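Asks: Below is one structure. I have some questions about it.
The values are calculated or read from the model by the stated rules, or taken from the named source; none is laboratory data. Since the structure is predicted, the reported quantities are computational estimates derived from the model, not experimental observations. When we count neighbours, we look across all protein chains shown, and the Cβ atoms used for this are built from the backbone with ideal geometry, even at glycine.
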Amino acid sequence: MSKKRFSIDYEEFASVQEMSPEDQQLVALAIEAQKGSYSPYSHFQVGAALRLEDGTIIKGANQENAAYPSGLCAERVVLFYAGANYPDVAADTLAIAGSDKGVLCESPASPCGACRQVMAETQKRHRHPLKTIWVGSKRIRKFYSVDDILPFIFDSLKVE
């Protein structure tokens, strides 16, 4: 047996004004995307804004359903849309903002495990690191690769 240690690097910002203009725009669009949320059951609105490598920006929001497993998180909405409509363009940066009953959460809402796996597959598919920005009203976190938020991805099925 050998004991291993895992560590990650990320940036934390106290406000959006500390970020680059490009990231500020993406954060604003993720917050705006929450308007498209259909969340009558949880009242938790999530917006996502995805910048593709060519500069195209796509927005998405969570979509709930009375049959809970039938809904979809904002992250997967926007990533699947990008995959279907821009299959040959790598995803570059994904900003995620969550609000509870219309109020932006103080701490950044982190993606669920299913969304992290889809992010990992997207990153692997394009062989391009997918940066993520998690938006909260008191702090914002930026990660430079999905490997930092899902270090041991499911990749047993080889896709070549």
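Asks: When you look at L130, is it of a type outside the set (S, T, N, Q), over 23 Å from K4 (Cβ atoms), at pLDDT 95 or above and buried (at least 19 other Cβ atoms within 10 Å of the Cβ), yes or no? Give the derivation first.
Replies: Working: of a type outside the set (S, T, N, Q): yes; over 23 Å from K4 (Cβ atoms): yes; at pLDDT 95 or above: yes; buried (at least 19 other Cβ atoms within 10 Å of the Cβ): yes.
Here the answer is yes, as L130 does meet what is asked.
Asks: Show me the strands (runs of 3 or more DSSP E) entirely contained within region 85-153 in which 1 or more residues are among the polar types (S, T, N, Q) and closer than 19 Å to G36 by Cα. Write out each step before concluding.
Replies: Working: elements: 91-100, 131-135, 140-143.
The strands (runs of 3 or more DSSP E) meeting that bar are 91-100.
Yes/no matrix, rows are residues, columns are (1) part of a helix (DSSP H, G or I); (2) in contact with a Phe, Trp or Tyr (Cβ under 6 Å, 6 or more places away or on another chain); (3) on the phi < 0 side of the Ramachandran plot; (4) not small (G, A, S):
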position	(1), (2), (3), (4)
E22	yes, no, yes, yes
S42	no, no, yes, no
D54	no, no, yes, yes
N65	no, no, yes, yes
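Asks: Next up: I'm trying to understand the selection: among the residues of region 23-59, which are over 21 Å from E106 (Cα atoms) and among the small types (G, A, S)?
Replies: The one that is over 21 Å from E106 (Cα atoms) and among the small types (G, A, S): G55.
Asks: Which of the numbered conditions does I58 fail, given that it passes all the others? Conditions: (1) assigned to a strand (DSSP E or B); (2) of a type outside the set (D, E, K, R); (3) surrounded by fewer than 13 Cβ atoms within 10 Å (Cβ to Cβ).
Replies: Just one mismatch for I58, condition (3).
Quick grid of which residues meet (1) under 21 Å from E121 (Cα atoms); (2) touching a Gly at 6+ places or on another chain (Cβ under 7 Å):
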| position | (1), (2) |
| --- | --- |
| R51 | yes, no |
| D54 | yes, no |
| G60 | yes, no |
| A66 | no, no |
| G71 | yes, no |
| Y81 | yes, yes |
| A84 | yes, no |
| A90 | yes, no |
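Asks: Which residue, of S110, S137, S70, is within 22 Å of E22 (Cα to Cα), among the polar types (S, T, N, Q) and over 11 Å from the mean Cα position of the chain (by Cα)? First the steps, then the outcome.
Replies: Details: S110 fails: over 11 Å from the mean Cα position of the chain (by Cα); S70 fails: within 22 Å of E22 (Cα to Cα).
Of the residues listed, the single one that is within 22 Å of E22 (Cα to Cα), among the polar types (S, T, N, Q) and over 11 Å from the mean Cα position of the chain (by Cα) is S137.
Asks: Among (1) at pLDDT 95 or above; (2) surrounded by fewer than 12 Cβ atoms within 10 Å (Cβ to Cβ), where does L50 come up short?
Replies: (2)
Asks: What's the total number of residues in region 67-102 that are among the aliphatic types (A, V, I, L, M), at pLDDT 95 or above and loosely packed, with under 10 Cβ neighbours inside 10 Å?
Replies: Restricting attention to region 67-102, the residues satisfying the condition of being among the aliphatic types (A, V, I, L, M) are 67, 72, 74, 77-79, 82, 84, 89-91, 94-97.
Okay, now just the ones that are also at pLDDT 95 or above, so 72, 74, 77-79, 82, 84, 89-91, 94-97.
Next, from what is left, pick out any that are loosely packed, with under 10 Cβ neighbours inside 10 Å: 84.
Summing the residues that are among the aliphatic types (A, V, I, L, M), at pLDDT 95 or above and loosely packed, with under 10 Cβ neighbours inside 10 Å in region 67-102 gives 1.
Asks: Tell me the residue from C115, C105 that is over 16 Å from V27 (Cβ atoms) and in contact (Cβ under 8 Å) with a residue 24 or more places away in the chain, please. First the steps, then the outcome.
Replies: Values: C105 fails: over 16 Å from V27 (Cβ atoms).
Checking each option against the conditions leaves just C115.
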